[in-house]
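Okay, structure first, notes after.
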Protein chains: 2
Amino acid sequence: MDELSDKPFSDLAGFLRSCNVTPTAQRIQIARILFAKNAHYSAEDLYIAVNTTEPRVSKATVYNTLGAFVREGLIKEVLVDSSKVFYDSNTTPHQHLYDLDTGEIQDIGPDQITLQQLPMLPAGKCLDSVEVVVKVRKQ
Amino acid sequence: MDELSDKPFSDLAGFLRSCNVTPTAQRIQIARILFAKNAHYSAEDLYIAVNTTEPRVSKATVYNTLGAFVREGLIKEVLVDSSKVFYDSNTTPHQHLYDLDTGEIQDIGPDQITLQQLPMLPAGKCLDSVEVVVKVRKQ
DNA sequence: CTAACTGCAAACGTTTTGCAACTTT
DNA sequence: AAAGTTGCAAAACGTTTGCAGTTAG
């Protein structure tokens, strides 16, 4: 499950270029962390993780880069907590389980949840995505 | 669908009292707007709506009141947009359809969507809720 | 009378922006 | 060279908090 999927870990620069994202040292650094494994990072998490090594990356660049990655579909926003956004490097179809006590986010594979019927969409609209969050807490 | 359900529109003070919420002029005013119909308000929406009439209600009180109402289960938070929280006066089981272009939120009745299978919950955890957001955009 | 609530303004944490210097193409 | 990106600090945004004064029970 938490394996690296189709992200070219060896040629991140080329990968970013192929995604309409100009590769810079900072963006490659951020991509390296983001695509090392499937995980859910807040902007702050990434800001800290990225600054344990050179090159230094500013907060503005972390936000700009995450914005660019989301815009180009390299990562996805996860809305489970009202106080901050999480970024998910797993872009394959899946859902989330959120632990209200610990704040932990876990993936739910498409085989573990089944949506049988969808509502009729408004006229002139198409489906963008279906997001399911299963919230759990201690018994 | 958007009918007033079981909220006692006539005796809001008594209703609030029965929900462990001390009824004050401000809270009754907020409740009046919130429970007039099933709708999705941001804190700012409510702050504006509540201040078209007496008594004046401060932003702090709007937030405190919404917090109290959520804590006591009178309303529910809806997370569809990363930039702000929406508050839903419909507490019956239902899901949401979110229009990415307009920001509009619509209810999806339990008859319009079917979740067939849920993942196994972590040990020692119980289900709190399952939130589904169907996101649509223009074709 | 006491506990709870209110308004205000200040503080908070997250995210965005303006701009001059610097890379990428 | 032109276009795009970076860092910094400042600003903006939604939301929370501290506190003196007010209201509910």
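Things worth noting here:
- Residue list for region A:80-101, restricted to those being loosely packed, with under 13 Cβ neighbours inside 10 Å and away from DNA strand C (no atom under 16 Å from the Cβ): A:Thr92, A:Pro93, A:Asp101
- Residue tally, condition in a loop (DSSP other than H, G, I, E, B), facing another protein chain (nearest Cβ under 9 Å) and within 18 Å of A:Val136 (Cβ to Cβ), over region B:75-133: 6
- Filtered residue count, region A:105-138, keeping only those that are under 13 Å from B:Leu121 (Cβ atoms), free of Cβ contacts under 8 Å to residues at least 24 places away in the same chain and of a type in the set (D, E, K, R): 0
- Filtering region A:58-70 to residues that are near DNA strand D (Cβ under 10 Å from one of its atoms), more than 14 Å from chain B (Cβ to nearest Cβ) and either in a helix (DSSP H, G or I) or closer than 28 Å to A:His94 by Cβ (or both) leaves A:Lys59, A:Ala60, A:Thr61, A:Val62, A:Asn64, A:Thr65, A:Ala68.
- Identity of the residue in region B:30-78, of a type in the set (Asp, Glu) and in contact with a strand residue (DSSP E or B) (Cβ under 9 Å, 6 or more places away or on another chain), that ends up surrounded by the most Cβ atoms within 10 Å (Cβ to Cβ): B:Asp45
- For region B:42-50, the criterion of being within 14 Å of chain A (Cβ to nearest Cβ) and either within 12 Å of DNA strand D (Cβ to nearest atom) or within 26 Å of A:Met120 (Cβ to Cβ) (or both) is met by at least one residue.
- Test for A:Ala49: is it free of Cβ contacts under 8 Å to residues at least 24 places away in the same chain, out of contact with any Asp or Glu (no Cβ under 9 Å at 6 or more places or on another chain), at negative phi and assigned to a helix (DSSP H, G or I): yes
- Test for A:Val136: is it facing chain B (nearest Cβ under 9 Å) and crowded, with 18+ Cβ neighbours inside 10 Å: yes
Every residue, every condition in (1) more than 14 Å from DNA strand D (Cβ to nearest atom); (2) of a type outside the set (Ser, Thr, Tyr); (3) free of Cβ contacts under 8 Å to residues at least 24 places away in the same chain, yes or no:
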site	(1), (2), (3)
B:Asp11	no, yes, yes
B:Gly14	no, yes, yes
B:Ala25	no, yes, no
B:Ala39	yes, yes, no
B:Pro55	no, yes, no
B:Gln95	yes, yes, no
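No value in this document is a laboratory result; all are computed from the given coordinates. Bear in mind that the values here come from a model prediction, so they are computed numbers and not experimental data. In this analysis, Cβ positions are derived from the backbone assuming ideal geometry, glycine residues included, and neighbour counts consider all displayed protein chains.
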